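> Sending over a structure as structure tokens; questions will come in a sec.
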Amino acid sequence: MSKHLKITGLSVAALMVPAPLLAQEATGLPAEHTVFILNSLLFLVGGFLVFWMAAGFAMLEAGLVRSKNVTMQLTKNVALFSLASIFYYLIGYNLMYPLGNWSIGSDETGGYLGILFAPALLEAVGIAPEAADDLSYASTGSDFFFQLMFCAATASIVSGALAERIKLWPFLIFTVILTSIIYPIQASWKWGGGFLDTQWGFLDFAGSTVVHSVGGWAALAGAILLGARTGKYKNGQVVPMLGSNMPLATLGTFILWLGWFGFNGGSQLAMGSVGDVADVSRIFANTNTAAAGGAITALLLTQIIYGKVDLTMVLNGALAGLVSITAEPLTPSLGVATLIGGVGGVIVVFGVPFLDRLKIDDVVGAIPVHLFAGIWGTIAVLLTNGDATFMGQIGPIIIVGVFVFAVSFAIWMILKATMGIRVGEEAEINGLDGSELGMEAYPEFTA
């Protein structure tokens with residue numbers, strides 16, 4: 001079912017009343033009004049939780065890069081979220097939902113071209129119930145706000161992987177294209193009533209593929225063209241480049257963990273019935289235990305393999321567990337959800353050195369966490385959801401992957417040929433904070 005078009009038919013029962021009453025009897029509102037209000041509330045609460053993930057990405061990346069590059073990461077994260085907010089409004093939202101949110105153009109006269117530059121429109125101020133588009137769904141404002149947060153999260157994934165050597169402005173230009181065109185087009189194939197949903201029966205509840213793998217494919221294309229950091233690979237050896245602030249990275253992980261409850265729970269897209277609220281609760285519990293499974297698995301594996309626990313692997317293990325459960329956080333039991341997340345932890349522990357063997361430099365481990373674990377999570381839907389089919393999951397993974405990687409690679413190539421995407425060696429060695437921004441995050445310690 002389309003993420004955007006899902007509707008509910010029941011109102012939530014009144015609470016703490018002496019006799020069983022219908023919601024409209026308790027509140028004085030018709031049933032459909034109550035559904036509209038509660039669904040909109042879920043979108044708004046889920047949306048600001050996902051917004052908080054922007055802080056999580058910023059803190060995680062600031063902690064995992066070296067001190068001389070912290071200000072650059074913070075700048076990129078504030079800028080990418082702001083750009084996503086503007087360009088998803090101007091282009092992306094209506095491009096993502098071409099069947100239901102057109103501001104100009106029509107199926108007969110415009111198609112995608114007719115809505116390419118059609119900005120999102122909200123309801124009128126103080127709108128009357130009879131003027132709402134669909135009282136069985138939610139307000140357009142809450143839907144736009146919620147969907148925007150997913151779009152911005154996709155761009156955040158790219159930021160960390162390409163850290164410490166990419167120029168600011170080419171990255172921001174890519175962010176504009178990713179959030180206004182690349183992400184919305186492929187998301188429309190599933191959540192906008194497109195062919196992956198209607199013809200393939202693709203199941204991706206909250207975006208293991210639509211969000212996380214997309215960010216991972218875009219990051220992979222950029223990392224290949226950008227090249228590794230100076231000195232990262234020498235004489236066949238991987239030279240460790242330790243992050244500047246492990247407390248900050250840990251804080252970022254917990255913030256992301258918290259935001260994921262909105263990410264997955266809000267993707268139920270409905271809170272207008274007892275069943276919906278129970279399902280949201282189940283999603284929260286499964287999301288949490290998958291993260292725990294990923295963290296503990298990474299903790300145990302690094303102890304076994306390296307003889308010591310690696311905190312960065314544990315943090316990324318938790319995030320990989322979260323990505324893994326995102327495609328289907330509703331149908332698993334708590335035990336199965338833990339195992340699905342645990343496999344995500346395994347993927348991170350082996351995925352990071354795998355990329356190093358290929359000399360693909362991913363500073364924060366974003367590609368194993370979001371791309372590799374995103375693919376696994378999408379396949380894992382087959383374990384617990386009887387409506388999923390093997391080809392219905394594998395085919396869309398390939399289709400989305402080829403589209404995003406090819407378009408991203410082409411854009412990175414154009415940027416590289418026209419304005420360059422990498423800073424000079426001297427600027428990289430001195431740090432991007434000074435060379436690109438002229439402002440250090442820790443001047444007392446790095447002067």
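The values are calculated or read from the model by the stated rules, or taken from the named source; none is laboratory data. Since this is a predicted model, take the numbers as computed values, not measurements. Positions of Cβ are generated from backbone atoms using ideal geometry, with glycine treated the same way; all protein chains shown enter the neighbour counts. Calculation scope for accessible area: heavy atoms of the full protein, side chains included, ligands and nucleic acids excluded. Shrake-Rupley method; radii C 1.70, N 1.55, O 1.52, S 1.80 Å.
> More than 18 Å apart: what percent of Cα pairs in the range 306-447 qualify?
Numbers: 6873 of 10011 pairs.
Tail fraction, whole percent: 69.
> By how many degrees, between 0 and 90 and to the nearest 10, does the Cα long axis of helix 334-357 differ from the longest principal axis of the chain?
30 degrees
> Could you please report the charge total around residue 351, scoring K, R as +1 and D, E as -1 over all other residues with beta-carbon less than 14 angstrom from its beta-carbon? Could you put the intermediate results ahead of the total?
Values: positive: 357; negative: 310, 356, 361, 362.
Taking every other residue near residue 351 into account, the sum is -3.
> Calculate the radius of gyration of the Cα atoms of the range 209-279 to one decimal place, then report Dmax, the largest Cα-Cα distance, as a whole number, both in Å.
Rg and Dmax of the range 209-279, Cα atoms, are 19.3, 62 Å.
> Of all alpha-carbon pairs in the range 372-446, indicate the percentage at a distance above 14 angstrom.
Values: 2068 of 2775 pairs.
Cα-Cα pairs of the range 372-446 separated by over 14 Å account for 75 percent.
> Taking the range 357-411 as the region of interest, what is the percent of Cα-Cα pairs per 5 angstrom bin, listed from the shortest bin to the one with the maximum distance?
Bins of 5 Å from zero give 4, 16, 20, 22, 19, 10, 7, 2 percent of pairs.
> At a 10 angstrom cut-off on C-beta neighbours, averaged per residue, how do the peptides 284-294, 384-394, 46-56, 426-436 rank from highest to lowest? Can you show the working numbers first?
On the way: 284-294: 25.3, 384-394: 14.7, 46-56: 21.4, 426-436: 17.7.
By packing density, highest mean first, the sequence is 284-294, 46-56, 426-436, 384-394.
> Beyond 24 Å, what share of the Cα-Cα pairs of the range 233-325 is found? Please give it as a whole percent. Can you show the working numbers first?
Working: 1550 of 4278 pairs.
Across the range 233-325, Cα pairs with separations above 24 Å total 36 percent.
> Report the Cα-based extents of the range 222-381 along its three principal axes, largest first, to the nearest Å.
61, 34, 30
> Cα atoms only: what Rg and Dmax, in Å, come out for the range 44-91?
Answer for the range 44-91, Rg first and Dmax second: 12.4, 37 Å.
> Under the definition of Cα pairs under 8 Å and six or more residues apart, what whole-number percent is the relative contact order of the chain? Write out the running numbers ahead of the final one.
Details: 894 pairs, mean separation 107.0, N = 447.
That works out to 24 percent.
> What Rg and what Dmax come out for the chain when only alpha-carbon atoms are used, in angstroms?
Cα only, the chain: 22.0, 77 Å (Rg, Dmax).
> Follow-up. Probe 1.4 Å, all protein chains in place: accessible area of residue 171 in Å², nearest 10?
Here the accessible area works out near 0 Å².
> Picking from 389, 438, 424, whose Cα lies most toward the positive end of the charge dipole for the range 360-447 (charges on Cβ: Lys, Arg +1; Asp, Glu -1)?
389
> If you don't mind, there's one more thing I want to ask. If we sort 320-330, 245-255 on the protection proxy, mean other Cβ atoms within 10 Å, highest first, what's the order? Write down the numbers at each step before the final one.
Values: 320-330: 32.0, 245-255: 18.4.
Highest-to-lowest ranking by the protection proxy: 320-330, 245-255.
> Nearest 10 degrees, 0 to 90: what angle lies between the long axis of helix 274-306 and the longest principal axis of the chain (Cα atoms)?
20 degrees
> Just how large is the dipole of the chain about the Cα centre, in debye to the nearest 20, putting +1 at every Lys and Arg Cβ and -1 at every Asp and Glu Cβ? Walk me through the intermediate numbers first.
Working: 17 positive and 28 negative charges, 277 e Å.
My answer is approximately 1340 debye.
> Amide H to amide H, which residues 5 or more places from residue 422 or on other chains are under 5 Å from it, using H placed in the peptide plane?
Those lying under 5 Å, H to H, from residue 422 are 167.
> Related question: Identify which of 159, 82, 213 has the largest mean-square fluctuation in a Gaussian network model of the chain, with springs joining Cα atoms closer than 10 Å.
Most flexible of the set in this elastic network: 82.
> Below 28 Å Cα-Cα, how many Lys pairs turn up in the chain? Only count pairs eight or more apart in sequence, or on different chains, if you could.
Lysine pairs satisfying the spacing and distance rule in the chain number 25.
> Mind listing the Cα extents of the range 313-365 along all three principal axes, in Å, largest one first?
38, 17, 14
> While we're here: Using a Gaussian network model of the chain whose springs link C-alpha atoms within less than 10 Å, name the residue from 44, 242, 74 with the highest mean-square fluctuation.
Sorting by GNM fluctuation, first place goes to 242.
> Report, in degrees rounded to the nearest 10, the 0 to 90 angle that the Cα long axis of helix 390-418 makes with the longest principal axis of the chain.
50 degrees
> Please build a GNM for the chain, connecting alpha carbons under 10 Å apart, and tell me which residue among 227, 262, 193 fluctuates the most.
227
> Take the alpha carbon gyration tensor of the range 129-277, find the square roots of its eigenvalues, order them as a ≥ b ≥ c, and report rounded if a/c is under 1.5; if not, report prolate when a/b exceeds b/c, else oblate. Before the final figure, lay out the partial values.
Values: a/c = 2.45, a/b = 1.90, b/c = 1.29.
Judged from the Cα gyration tensor, the range 129-277 comes out prolate (a/c at least 1.5, a/b above b/c).
> Could you give me the ³J(HN,Hα) list for the range 125-137, computed from phi with Karplus coefficients 6.51, -1.76, 1.60 and θ = phi - 60°, whole Hz, x at Gly and Pro?
Running phi through 6.51 cos²θ - 1.76 cosθ + 1.60 with θ = phi - 60° gives 4, x, 4, 7, x, 5, 8, 5, 5, 8, 6, 7, 10 Hz.
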